[in-house]
Amino acid sequence: MRICIPTLDDRGLDSLPHMHFGSAPCFVLHDLARAETKVIRNRNEHHAHGHCHPLKALAGEAVDAVLVGGIGARALARLSAAGIQVFQAQERTVRENLEAFQQGRLAAFTPALACQGHGHSHEHDHEGGHQPADPHLLRRRDE
């Protein structure tokens, strides 16, 4: 199974997950069966809110699941339509989120939890509400 985690940086399994799929600078791709990790740049990082093209952002890389702190409704729908499962990243690093995923501790993202394009600066908690931004998990506060 090949897992994608949007990240703030390019430090492999020690990378910090980004709180929103579309504006993440990088994606860590990890193949669970082969224990191989690859980092790619987000080729669709700079887009208008609600216009993320997740498959374009992944540069043609095949993935089975995405672990992310937040994702827009359209991006979630596009990934789901492509047969890619999306789960809520809740841990501090990519490595910790992969462990939580393998232990079945990450909840599947649902349309009700997806960002609906509020048009203001925000972050989501894992129940879909707003919470103060964690500076360690954010690239920009204006996302």
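Things worth noting here:
- Inter-residue pairs, beta-carbon under 7 Å, first under 15 Å from R11 (Cβ atoms) and in the stretch 25-42, second assigned to a loop (DSSP other than H, G, I, E, B) and β-branched (V, I, T), 6+ apart: L29/V63
- Just one of (1) part of a loop (DSSP other than H, G, I, E, B); (2) modelled with pLDDT of 90 or more fails for I40. It is (1).
- Cβ pairs under 6 Å, 6+ apart, first in the stretch 75-94 and in contact (Cβ under 8 Å) with a residue 40 or more places away in the chain, second surrounded by fewer than 19 Cβ atoms within 10 Å (Cβ to Cβ): E91/A100; T93/D14; V94/L13
- Every test in (1) modelled with pLDDT under 90; (2) within 19 Å of F27 (Cα to Cα); (3) acidic (D, E) is passed by D125 save one, and that test is (2).
- Taken together, the residues in the stretch 1-37 that are surrounded by fewer than 24 Cβ atoms within 10 Å (Cβ to Cβ), modelled with pLDDT under 95 and under 14 Å from E61 (Cα atoms) amount to 1.
- If you filter the stretch 67-93 down to residues that are among the small types (G, A, S) and assigned to a loop (DSSP other than H, G, I, E, B), you find that the one that is surrounded by the fewest Cβ atoms within 10 Å (Cβ to Cβ) is G83.
- Whichever residue in the stretch 105-122 is in a loop (DSSP other than H, G, I, E, B) and within 19 Å of S80 (Cα to Cα) and, among such residues, is modelled with the highest pLDDT: L106
The values are calculated or read from the model by the stated rules, or taken from the named source; none is laboratory data. Model, not experiment: these values are computed from the prediction. Quick reminder, even Gly has a Cβ in these numbers, built from the backbone with ideal geometry, and neighbours come from all protein chains shown.
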